[in-house]
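K.L.:
First the structure, which I've put down as structure tokens, then a few questions once you've had a look.
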Amino acid sequence: MSVKVGIIDYGMAGNIYNISKAIELAGGKAGIIKTEKDFIGYDKFVLPGVGSFPDAMDEMEKHSLKDILIDKIQDKPTLGICLGMQILCKIGFEFKETKGLNLINAEVRKIECSGKVPHMGFNKVKIIKDSPLFKGIDTSLEEFYFMHSYEVNNYTDVIALTDYSEHEFVSAFQKDNVFGVQFHPEKSRDSGIKIFKNFITI
Amino acid sequence: MKTRIIAKLDVKSEFVVKPVHFEGLRKIGSPAELAKKYYKAGVDEIFFIDIVASLYQREIRYKEIAESAKDILVPFAVGGGVRTIDDFSKLFHNGADKVVVNTHALQNSPEIIDNAVKIFGSQAVVVNIEAKKWDNYWECYTDCGRIQTGKSVLNWVKEVENRGAGEILIQSVDCDGRKRGFDIELIKSVVDFVNIPVVAGSGAGCLDDILKMRTICKPSGISISSLLHYNELTVSDIKEALKNEC
């Protein structure tokens, strides 16, 4: 039976469509979670993200998703993508200081580097700690699509780093069942589908 | 980081067309079919621009957009006729990863950029600029090179950067569709003037044009239409040529 992955839909911004498509391609079954009632029957969760940190947290509160999500993430594997990764952290500084879901002890701050920001395009990852999420990924060849102006500052749960314009930042973290990737696996060709396959089989 | 190769689909009604100087349209095929074809050929990104939606005040073509987004696993930027935050939201829900604005921001309300950035983040807001060269400056045009705005391109790129836009698509009314090379001076001026990524378009006629522009201007991305539409170059040809040159 295929694994059921619930995608959290919190408001106006959401590339739910692309993520559910990618999950189905990876062999999973995707469903959408909009309210507290929708959480039943899923094996895993994906927290997507197109948007800004404060807006995402506002929407979470507005749809009463925050507390139940924190609760659910404790026992089901969860993958945060881009802003979805960022709001798993303790605090964000996009526009204003905003509290995140506080599942990862990290801060989200503007990328400070000499290159153009947003960091936009295909880039590689360097794995620094073994994780099932990157199983079978050839990091010397495979690339992932990034589109972000903010980055996660974390020192304890990092599994991958990425170089951009002589600046190194956290491109993936894992703490127990909580995973986050700064890139968009749903926009990273077959390499991205591999990430979803790995997540589904975890 | 490698320069992104972007296939740009100019869409009118239900067809991808290719204008010359933004005029004289030829039908190339359906957007969904071409998006899939170029994705399979290895492009890094696809831009879908409805070139008449603003001019004729048409509705955004969500059906074609969702169809085009269906089979592509690379970013998909969509523009043409975007006027409201609700348009942005609907586009994201129909498969867009970025939304492209031009006419409305330039003619009516530049604040749409600030508002969209607050809700969707910088990375999701692309500003398309159609530049026409005059003696000593470039002027912004809208509606597919038809409407003069009196606004200087360099002032406008700085303004959109300050308003939080995440990316600029710079096109040239003079060079578009002619396949005689890019407006290198224009592209270089814009790339050097802002700290956000710039995608350069209009004028690629051969590999040398692309190489030369890329070497001099160093844009973050290059948008290609005619060369791909008429099968004159493949995405692999372009990537192979750019590989050895940094």
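The numbers here are math on the coordinates, done by the rules we state, and not lab data. Fair warning: this is a prediction, and the values are worked out from it, not measured in the lab. Heads up, the Cβs are rebuilt from the backbone with ideal geometry, glycines too, and the neighbour counts pull from every protein chain shown.
K.L.:
Just to be sure I follow: if Rg is taken over the C-alpha atoms of the protein assembly as shown and Rh is the Kirkwood radius over the same atoms, what is Rg/Rh? Show your work: numbers first, answer last.
P.N.:
Numbers: Rg = 20.9 Å, Rh = 21.9 Å.
Rg/Rh for the protein assembly as shown comes to 0.96.
K.L.:
A further question follows. First select every other residue whose beta carbon is under 11 angstrom from the beta carbon of B:Ile184; then total the charges, Lys and Arg +1, Asp and Glu -1.
P.N.:
Numbers: positive: B:Lys188, B:Lys212, B:Arg214; negative: B:Asp183, B:Glu185, B:Asp209.
Value of the local net charge: 0.
K.L.:
Exceeding 21 Å between C-alpha atoms, which entries from my cross-link table qualify? They are A:Lys124/A:Lys197; A:Lys187/B:Lys18; B:Lys98/B:Lys239; A:Lys124/B:Lys243.
P.N.:
Values: A:Lys124/A:Lys197 19 Å; A:Lys187/B:Lys18 26 Å; B:Lys98/B:Lys239 23 Å; A:Lys124/B:Lys243 16 Å.
Distance filter (> 21 Å) returns A:Lys187/B:Lys18; B:Lys98/B:Lys239.
K.L.:
If you don't mind, there's one more thing I want to ask. For the stretch B:4-245, with only Lys/Arg (+1) and Asp/Glu (-1) charged at the beta-carbon, what is the dipole magnitude about the Cα centre, in debye rounded to 20? Each step should come with its number before you reach the end.
P.N.:
Numbers: 32 positive and 34 negative charges, 62 e Å.
With only Lys, Arg, Asp and Glu charged at Cβ, the dipole is about 300 debye.
K.L.:
OK, next. Two decimals is fine: what is log10 I(q)/I(0) at q = 0.19 Å⁻¹ for the stretch A:88-131, from a Debye sum with one equal scatterer on every Cα and no solvent?
P.N.:
At q = 0.19 Å⁻¹ the computed log10 ratios are -0.85.
K.L.:
Here is a follow-up. Give me B:Phe193, A:Phe144 ranked fewest to most by other Cβ atoms within 10 Å of their Cβ, as a rough exposure proxy.
P.N.:
So the ranking, lowest neighbour count to highest, is B:Phe193, A:Phe144.
K.L.:
Which whole-number percent of Cα pairs in chain A have a distance greater than 24 Å? Could you put the intermediate results ahead of the total?
P.N.:
Values: 6722 of 20301 pairs.
Value for chain A: 33 percent of Cα pairs lie more than 24 Å apart.
K.L.:
Still on this structure, I have one more. Give, as a single signed number, the net charge of other residues whose beta carbon lies under 13 Å from the beta carbon of B:Arg83, with Lys and Arg counted +1 and Asp and Glu -1. Don't skip to the end; give the middle numbers.
P.N.:
Values: positive: B:Arg58, B:Lys90; negative: B:Asp50, B:Glu59, B:Asp86, B:Asp87, B:Glu111.
Once positives and negatives cancel, what remains is -3.
K.L.:
Something else about it: Over 25 Å between Cα atoms: which of A:Lys129/B:Lys40; A:Lys29/B:Lys2; B:Lys133/B:Lys212; B:Lys133/B:Lys179 fall into that group? Let's see the in-between values first.
P.N.:
Numbers: A:Lys129/B:Lys40 32 Å; A:Lys29/B:Lys2 34 Å; B:Lys133/B:Lys212 20 Å; B:Lys133/B:Lys179 17 Å.
Cα-Cα > 25 Å for A:Lys129/B:Lys40; A:Lys29/B:Lys2; rest within.
K.L.:
If each residue's Cβ is checked for other Cβ atoms within 10 Å, how do A:Glu143, B:Glu111 rank with the fewest at the top?
P.N.:
On the way: A:Glu143 20, B:Glu111 10.
Ascending Cβ contact count within 10 Å gives the list B:Glu111, A:Glu143.
K.L.:
Tabulate in residue order the Karplus-calculated ³J(HN,Hα) for the stretch B:23-31, using 6.51 cos²θ - 1.76 cosθ + 1.60 with θ = phi - 60°, rounded to whole Hz; enter x for Gly and Pro.
P.N.:
Karplus-based 3J(HN,Hα) across the stretch B:23-31 equals 10, x, 7, 10, 7, 10, x, 7, x Hz.
K.L.:
Also, quick follow-up: Suppose we keep just the DSSP beta bridges with both residues in chain A; what percent of those would be antiparallel, to 5? Mind showing how you got there, number by number?
P.N.:
Values: 24 of 42 bridges.
About 55 percent, rounded to the nearest 5.
K.L.:
From the square roots a ≥ b ≥ c of the eigenvalues of the alpha-carbon gyration tensor of the stretch A:99-195, which class results: rounded (a/c under 1.5), prolate (a/b over b/c), or oblate?
P.N.:
Values: a/c = 1.61, a/b = 1.05, b/c = 1.53.
Oblate is the answer for the stretch A:99-195, as a/c is 1.5 or above yet b/c matches or exceeds a/b.
K.L.:
Identify the GluC sites (Glu not before Pro) of the stretch A:4-101 meeting these criteria: DSSP loop state and at most 11 other C-beta atoms within 10 Å of the C-beta. Please report the intermediate quantities before stating the final value.
P.N.:
Numbers: sites: A:Glu24, A:Glu36, A:Glu59, A:Glu61, A:Glu94, A:Glu97; in loops: A:Glu94, A:Glu97.
Filter output for the stretch A:4-101: A:Glu97.
K.L.:
What relative contact order, as a whole-number percentage, does chain A give when Cα pairs under 8 Å and 6 or more residues apart are counted? Before the final figure, lay out the partial values.
P.N.:
Details: 457 pairs, mean separation 42.1, N = 202.
After rounding, I find 21 percent.
K.L.:
Still on this structure, I have one more. Most exposed first by the Cβ proxy, i.e. fewest other Cβ within 10 Å, how do A:Cys89, A:Cys113 rank? Kindly include the intermediate steps, with their values, before the conclusion.
P.N.:
Details: A:Cys89 24, A:Cys113 16.
Ascending Cβ contact count within 10 Å gives the list A:Cys113, A:Cys89.
K.L.:
To the nearest µm²/s, what D does Stokes-Einstein give for chain B at 25 °C and 0.890 mPa s, using the Kirkwood radius over alpha carbon pairs as Rh? Walk me through the numbers before you get to the answer.
P.N.:
On the way: Rh = 17.5 Å.
It diffuses with D of about 140 µm²/s by this estimate.
K.L.:
Let me check against my output: what whole-number percent is the relative contact order of chain B, with C-alpha pairs under 8 Å and at least 6 apart? Intermediate values should be presented prior to the final figure.
P.N.:
Numbers: 519 pairs, mean separation 44.1, N = 246.
Computed value for chain B: 18 percent relative contact order.
K.L.:
Please identify, among A:Ile40, A:Ile104, A:Ile32, the residue showing maximal mean-square fluctuation in a Gaussian network model of chain A using a 10 angstrom Cα cutoff.
P.N.:
Judging by the Gaussian network model, the answer is A:Ile40.
K.L.:
Could you tell me, in Å, what Rg and Dmax come out for the Cα atoms of the stretch B:1-97?
P.N.:
Here Rg and the maximum Cα pair distance are 12.9, 39 Å.
K.L.:
As a check on your grasp of the helix formula, calculate [θ] at 222 nm for chain B: sum -39500 (n - 2.57) over DSSP H runs of n ≥ 4, divide by the residue count, round to the nearest 500.
P.N.:
Result for chain B, helices only: -9500 deg cm²/dmol.
K.L.:
On to the next question. What residue among A:Val46, A:Asn123, A:Ile159 has its Cα farthest toward the positive end of the dipole of the stretch A:4-201, where the charges are +1 on Lys, Arg and -1 on Asp, Glu, each on the Cβ?
P.N.:
Ranked along the dipole, the leading option is A:Val46.
K.L.:
A further question on this structure: For chain A, with a Gaussian network of springs between Cα atoms less than 10 Å apart, report the residue from A:Val117, A:Val152, A:Val178 with the top mean-square fluctuation.
P.N.:
A:Val117
K.L.:
Hey, another quick one. Hey, in the GNM for chain B with a 10 angstrom Cα cutoff, which one of B:Ile216, B:Ile196, B:Ile65 fluctuates hardest?
P.N.:
B:Ile216
K.L.:
Report the local net charge at A:Ile137: Lys and Arg +1, Asp and Glu -1, summed over other residues whose C-beta lies under 14 Å from its C-beta.
P.N.:
Working: positive: A:Lys124, A:Lys126, A:Lys129, A:Lys135, A:Arg189, A:Lys194, A:Lys197; negative: A:Asp130, A:Asp138, A:Glu142, A:Glu143, A:Asp190.
Neighbour charge sum, excluding A:Ile137 itself: +2.
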